[in-house]
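Asker: After the structure tokens below, expect a handful of questions from me.
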Amino acid sequence: QKVSVEVLDHLEHLALVDFRDSEGVERLQKAIDFADQLHEVNTDGVEPMDSVLEDRCLYLREDDVTEGNCTKELLENAREKVEEYFVAPPGNIPLPKLEERETFLQGS
């Protein structure tokens, strides 16, 4: 089952990954095919788990601060900053219009 243009568009926006080349689409298709194998596993009578470690007692360690007050040094590593915050890349990537991607997917 091929990846539809709509699914591709949705995944690109969620993951901020550009699947415009055939290699990216092929890798995505292989990952989906691999994950589809999970449908073959019989899970009848298996209770959902919150964690694979839910039957164990998990201990929290003390959160002791041993160093700190190094904001100035850390922000020197930032390519761009506003006040005392790192500026992240924009939340989206330039993507081709759906019509352009339909043409591309037909060729892959």
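Asker: Assuming R0 = 25 Å, what is the FRET efficiency of Asp63 and Gln37, from their Cβ-Cβ distance, to the nearest 0.05?
Answerer: Plugging the Cβ-Cβ distance into 1/(1 + (r/R0)^6) gives 0.05.
Asker: Express the accessible area of segment 1-40 per residue in Å², computed with a 1.4 Å probe while the remaining protein chains stay in the model.
Answerer: For segment 1-40, the solvent-accessible area averages 78 Å² per residue.
Asker: Of the chymotrypsin sites (Phe, Trp or Tyr not before Pro) in segment 20-91, which ones lie in a loop per DSSP and count no more than 12 other C-beta atoms within 10 Å?
Answerer: Values: sites: Phe34, Tyr59, Tyr85, Phe86; in loops: Tyr59.
Those satisfying the criteria are Tyr59.
Asker: Of all accessible surface on segment 1-50 at a 1.4 Å probe, what whole percent is carbon and sulfur?
Answerer: On the way: 2310 of 4240 Å².
In segment 1-50, the share of accessible area belonging to carbon and sulfur is 54 percent.
Asker: Sorting Val52, Val25, Val46 by accessible area (1.4 Å probe), largest first, what list results? Please report the intermediate quantities before stating the final value.
Answerer: Details: Val52 120, Val25 15, Val46 95 Å².
Greatest to least solvent exposure: Val52, Val46, Val25.
Asker: Step by step: find N for segment 1-40, compute 2.2 N^0.38 Å, then divide the Cα radius of gyration by it. What's the final number? Present the calculation step by step, with values, prior to reporting the outcome.
Answerer: Working: Rg = 10.4 Å, N = 40, 2.2 N^0.38 = 8.9 Å.
It is 1.17.
The values are calculated or read from the model by the stated rules, or taken from the named source; none is laboratory data. Just so we're clear, the structure is a prediction, and the values are computed from it rather than from any experiment. Glycine gets a Cβ as well: all are built from the backbone with ideal geometry, and neighbour counts include every protein chain shown. We work out accessible area using only protein heavy atoms, side chains counted, and drop any ligands, DNA or RNA first. Shrake-Rupley method; radii C 1.70, N 1.55, O 1.52, S 1.80 Å.
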